[in-house]
1. Can you give the convex hull volume per residue for the Cα atoms of the chain, as a whole number of Å³?
2. Under the definition of Cα pairs under 8 Å and six or more residues apart, what whole-number percent is the relative contact order of the stretch 1-132?
3. Multiply the residue separation of residue 20 and residue 2 by 0.36 nm, subtract the distance between their alpha-carbon atoms, and state the gained length in nm to one decimal.
4. Under a crude label model (7 Å from the Cα following the beta-carbon direction), how far is residue 284 from residue 345 in nanometres?
5. Obtain the nm distance between the two label points defined at residue 388 and residue 322 by a simple spin-label model: each point lies 7 Å from its Cα along the Cα-to-C-beta direction.
6. Under a point spin-label approximation (7 Å from Cα along Cα-to-Cβ), what is the residue 37-residue 122 distance to one decimal in nm?
7. Using 0.36 nm per residue, how much length does the chain from residue 137 to residue 207 gain when fully extended, once their Cα-Cα distance is taken away?
8. Going by a ≥ b ≥ c, the root eigenvalues of the Cα gyration tensor, does the stretch 237-384 fall in the rounded group (a/c under 1.5), the prolate group (a/b larger than b/c) or the oblate group?
Ligand code: PLP
């Protein structure tokens with residue numbers, strides 16, 4: 001027998017599979033709404049001006065590419081942490097915060113998951129139903145059993161808040177709860193701040209371990225606004241994990257820029273935790289790469305570039321909002337009587353459109369419009385040229 005003889009073919013990633021089908025489609029009218037990427041109105045992934053300026057400066061500086069410290073670039077970590085906790089976080093002053101440069105949000109989740117397995121090996125992990133498809137696989141790979149908590153209510157296209165609270169009440173103490181801090185992927189449905197307050201309280205009462213995942217900061221209502229949930233948790237001083245990503249907000253998907261932030265209960269704990277998380281990183285990939293981290297760090301730490309970035313980020317956010325409004329209006333224009341106003345209250349890049357998998361199939365085969373079989377569409381892939389076509393196609397399959 002050969003070494004790899006018994007290796008079975010892994011199931012295809014459903015979204016990447018969709019992309020392959022899309023690429024092979026020869027219709028010129030085709031539209032890919034299956035992706036999790038922001039496109040500009042020209043249908044291109046933007047290179048932000050703030051990023052470009054920082055890159056030019058970096059090339060001109062002709063800096064050497066030595067190894068970074070295991071935890072990454074100091075100013076990158078400081079900047080990433082301040083976006084989450086604010087500039088004057090008392091936790092930071094007390095030495096109760098730690099931030100590690102990570103390989104995207106995914107890398108942050110993985111480092112966090114591996115470290116959690118080390119310190120609380122018997123915990124269960126709970127993710128929202130539904131959630132980003134990699135959450136389950138990632139925590140299972142780290143050795144945890146993964147279950148779900150109630151989240152989306154298909155009947156209202158909104159949040160099943162009662163169900164969510166009931167799920168939390170039934171969780172064993174020390175369960176790890178993965179929460180999308182804003183712009184829930186895949187539904188676009190977020191709890192209100194009032195609801196979050198109840199969630200936070202319950203998490204504290206039930207002695208659960210929050211793991212906040214924030215991959216779309218700035219795509220909801222703004223950088224500061226979208227950090228409110230993180231700060232709600234931070235204000236209570238609960239020990240927690242936060243994975244954050246700059247992939248979308250800097251349009252730097254391939255640079256793998258993210259961060260893992262931990263809140264501990266004392267400076268002494270922080271010292272010990274720091275040493276252990278460094279070991280997790282060291283044995284995974286040793287230390288993070290230089291380029292993307294340097295770019296993000298330059299932008300976060302230069303008032304001028306920061307202001308430019310924030311403006312560009314608002315531009316992306318507003319364009320998505322505009323697409324939501326146009327989609328709803330155009331569906332009406334094309335004779336749809338069903339109410340799609342829920343699309344307007346959803347946040348971030350995605351919308352759970354309520355389309356059935358049969359309707360999604362027909363969108364693809366009859367119109368070349370690609371969406372995820374769950375009905376998730378990426379609103380950030382709509383633009384002034386394809387939106388009318390998409391609205392008409394949806395109207396025809398309803
Ligand atoms: N978490 C959520 C909820 C996401 O939607 C994504 C990306 O799609 C990630 C994490 C991972 O982001 P990154 O590409 O930075 O690894």
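1. In the chain, the Cα convex hull volume per residue is 167 Å³.
2. With pairs under 8 Å counted, the relative contact order is 13 percent.
3. 3.4 nm
4. 3.7 nm
5. 1.6 nm
6. Modelled inter-label distance: 4.6 nm.
7. The residue 137-residue 207 span can extend by a further 22.7 nm.
8. Because a/c hits 1.5 or more and a/b exceeds b/c, the stretch 237-384 counts as prolate.
Each reported figure results from applying straightforward, stated rules to the coordinates on display, with no laboratory input. Values in this document were obtained by computation on a predicted structure and should not be read as measured data. With ideal geometry, Cβ positions are generated from the backbone for all residues, glycine too; neighbour counts draw on all protein chains shown.
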